[in-house]
1. Looking at (1) surrounded by 10 or more Cβ atoms within 10 Å (Cβ to Cβ); (2) within 18 Å of the chain's Cα centre (by Cα); (3) on the phi > 0 side of the Ramachandran plot; (4) modelled with pLDDT of 80 or more, which is the one condition that is false for GLY19?
2. Pull out all pairs, ordered by first then second residue, where Cβ-Cβ is under 9 Å, the residues are six or more apart or on different chains, the first lies in the range 36-56 and is without any contact (Cβ under 8 Å) to a residue 12 or more places away in the chain and within 15 Å of GLY4 (Cβ to Cβ), and the second is surrounded by fewer than 13 Cβ atoms within 10 Å (Cβ to Cβ) and hydrophobic (A, V, I, L, M, F, W, C).
3. Just one of (1) surrounded by 12 or more Cβ atoms within 10 Å (Cβ to Cβ); (2) out of contact with any helix residue (DSSP H, G or I) (no Cβ under 8 Å at 6 or more places or on another chain) trips up LEU3, so point out which.
4. Scan (1) under 14 Å from LEU79 (Cα atoms); (2) of a type in the set (A, V, I, L, M, F, W, C); (3) not in a helix (DSSP H, G or I) for the single condition PHE36 breaks and write down its number.
5. Out of all the residues in the range 46-97, which are within 17 Å of the chain's Cα centre (by Cα), modelled with pLDDT under 80 and not in a helix (DSSP H, G or I)?
Amino acid sequence: MKLGVGDRLILLSILPREGDITTLKIVRELRENLSFDEAEHKELQLTSEGDTVRWNDKQIEKDIIPANRIALAGMINRLKRISQLVMSLKVLSAVLS
């Protein structure tokens, strides 16, 4: 699975900051794999202003390692379930109001 600059930035921003020991190990490995090395920083001219990250027009894609693909797929599925739960709670709240 090849990921572009924007994809990598989004995934880095949604990875959980807390969890059990196994989750934290997987997240650490994902962060290392998705992060930008010094050469990429220089080539992309990455800059950060608050919550906004900017880069030049260069397109760099990075292949994530197979073990991280499985972990990433699991996290995406969990995020989808959480999103569905939040939507259900909003509907329930609207009905009860």
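1. Unmet for GLY19, out of (1) surrounded by 10 or more Cβ atoms within 10 Å (Cβ to Cβ); (2) within 18 Å of the chain's Cα centre (by Cα); (3) on the phi > 0 side of the Ramachandran plot; (4) modelled with pLDDT of 80 or more: (4).
2. none
3. The number of the failed condition is (2).
4. Only one criterion in (1) under 14 Å from LEU79 (Cα atoms); (2) of a type in the set (A, V, I, L, M, F, W, C); (3) not in a helix (DSSP H, G or I) is unmet by PHE36, namely (1).
5. Of everything in the range 46-97, those that are within 17 Å of the chain's Cα centre (by Cα), modelled with pLDDT under 80 and not in a helix (DSSP H, G or I) turn out to be ILE64, ILE65.
The values are calculated or read from the model by the stated rules, or taken from the named source; none is laboratory data. Please read these numbers as outputs of a predicted model, since none were measured by experiment. Note that each Cβ is placed from the backbone with ideal geometry, even for glycine, and that neighbours are counted across all protein chains shown.
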